Amino acid sequence: MANFSSRTEKTFFDDFINTTLPPDAVELSSEEYLGLLLGIAAGKKVDWSGERPALVDPSPPSAEQLQQSAYSQRDYLLGIAALRIAPLQDAVDGEVATDDEVSLLELWKSYRVALNRIQTQSGFPSDIAWPDQPG
C-alpha cells in the first residue's frame with residue numbers, strides 16, 4: 001500500500017483504494033504523507049505548485065470574510081439575547097417582574113444595543129471589543 005499526490009488533481013491517492021492514478025502521481029513516503037495530513041489538521045494549506053506537495057500557512061482572511069464572520073457571531077449573540085430578554089419582558093409587561101428582573105432586562109437590552117453597534121468600532125472588522133453578556 002502506497003500513497004501518492006497529484007499536482008493536477010490537487011489531492012492524495014491511496015493505491016489500495018484507487019486502482020488508477022493520474023499520470024502525474026508522485027509516490028509519498030509514509031512520513032511525508034503523515035506530515036502533510038498532520039499539517040492540514042493543524043490548519044496549514046497544501047501548496048500544489050511544485051512537483052511535490054508542500055505545507056504553507058493559509059492566507060489571512062480578507063476584510064469581507066472578517067466582516068461576514070463578525071456579523072455571524074453578532075447574530076448568534078443576538079439570538080441568545082433575544083432568548084434572555086423575552087421572559088424578562090413578559091414579566092415586565094405582565095407587571096409581575098421583580099426589581100432584579102427589571103434591572104436584568106435593562107442590562108440585556110443595553111447588551112443587545114452594543115452588539116448592534118459593533119460595526120461602529122474603529123477596529124471593525126479585524127479587532128472587535130465584544131460586549132460582556134449580563135449575568
- If you scan region 27-60, which residues turn out to be in contact with a Lys or Arg (Cβ under 6 Å, 6 or more places away or on another chain) and over 30 Å from PHE124 (Cα atoms)? TRP48, LEU55
- Of residues in region 61-113 being in contact with a helix residue (DSSP H, G or I) (Cβ under 9 Å, 6 or more places away or on another chain) and small (Gly, Ala, Ser), the one nearest to PRO125 (Cα to Cα): ALA70
- Note on the structure: Checked region 72-86 for anything closer than 30 Å to ALA41 by Cα and surrounded by 14 or more Cβ atoms within 10 Å (Cβ to Cβ); matches are GLN73, ARG74, LEU77
- Task: Say whether the condition of being free of Cβ contacts under 8 Å to residues at least 40 places away in the same chain, part of a helix (DSSP H, G or I) and acidic (Asp, Glu) is met by at least one residue in region 71-78.
- Result: yes
- Unmet criterion (only one of (1) surrounded by 13 or more Cβ atoms within 10 Å (Cβ to Cβ); (2) assigned to a helix (DSSP H, G or I)) for GLN65: (1)
- Among PRO23, PRO58, PRO131, the single one that is closer than 30 Å to MET1 by Cα, assigned to a loop (DSSP other than H, G, I, E, B) and out of contact with any Pro (no Cβ under 9 Å at 6 or more places or on another chain) is PRO23
- Message: Which numbered condition in (1) of a type outside the set (Asp, Glu); (2) surrounded by 13 or more Cβ atoms within 10 Å (Cβ to Cβ); (3) free of Cβ contacts under 8 Å to residues at least 60 places away in the same chain is the only one that GLY43 fails?
- Response: (2)
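Output the residue which, of all residues in region 8-35 that are surrounded by 10 or more Cβ atoms within 10 Å (Cβ to Cβ) and among the charged types (D, E, K, R), is nearest to SER49 (Cα to Cα).
Applying the filter and picking the extreme gives LYS10.
Return a yes/no flag: does region 73-87 have any residue that is out of contact with any Ser or Thr (no Cβ under 6 Å at 6 or more places or on another chain), under 30 Å from PRO23 (Cα atoms) and of a type in the set (D, E, K, R).
To start, the set of residues in region 73-87 that are out of contact with any Ser or Thr (no Cβ under 6 Å at 6 or more places or on another chain) comprises 73-87.
Next, from what is left, pick out any that are under 30 Å from PRO23 (Cα atoms): none.
No, region 73-87 contains no residue that is out of contact with any Ser or Thr (no Cβ under 6 Å at 6 or more places or on another chain), under 30 Å from PRO23 (Cα atoms) and of a type in the set (D, E, K, R).
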- Query: Of all residues in region 87-111, which are among the hydrophobic types (A, V, I, L, M, F, W, C) and surrounded by fewer than 12 Cβ atoms within 10 Å (Cβ to Cβ)?
  - Reply: VAL96
- Of all residues in region 26-55, which are farther than 11 Å from SER5 by Cβ, within 28 Å of the chain's Cα centre (by Cα), part of a loop (DSSP other than H, G, I, E, B) and not aliphatic (A, V, I, L, M)? GLY43, LYS44, SER49
- Message: If I filter region 114-128 down to residues being in contact with a helix residue (DSSP H, G or I) (Cβ under 8 Å, 6 or more places away or on another chain) and in a loop (DSSP other than H, G, I, E, B), which single residue comes out as nearest to GLN68 (Cα to Cα)?
- Response: PRO125
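Read-outs: derived from the displayed coordinates by stated rules, not from any lab. What you see is a predicted model, and the numbers here were worked out from it, not measured in a lab. All Cβ positions, even for glycine, are placed from backbone atoms using ideal geometry, and neighbour counts span all protein chains on display.
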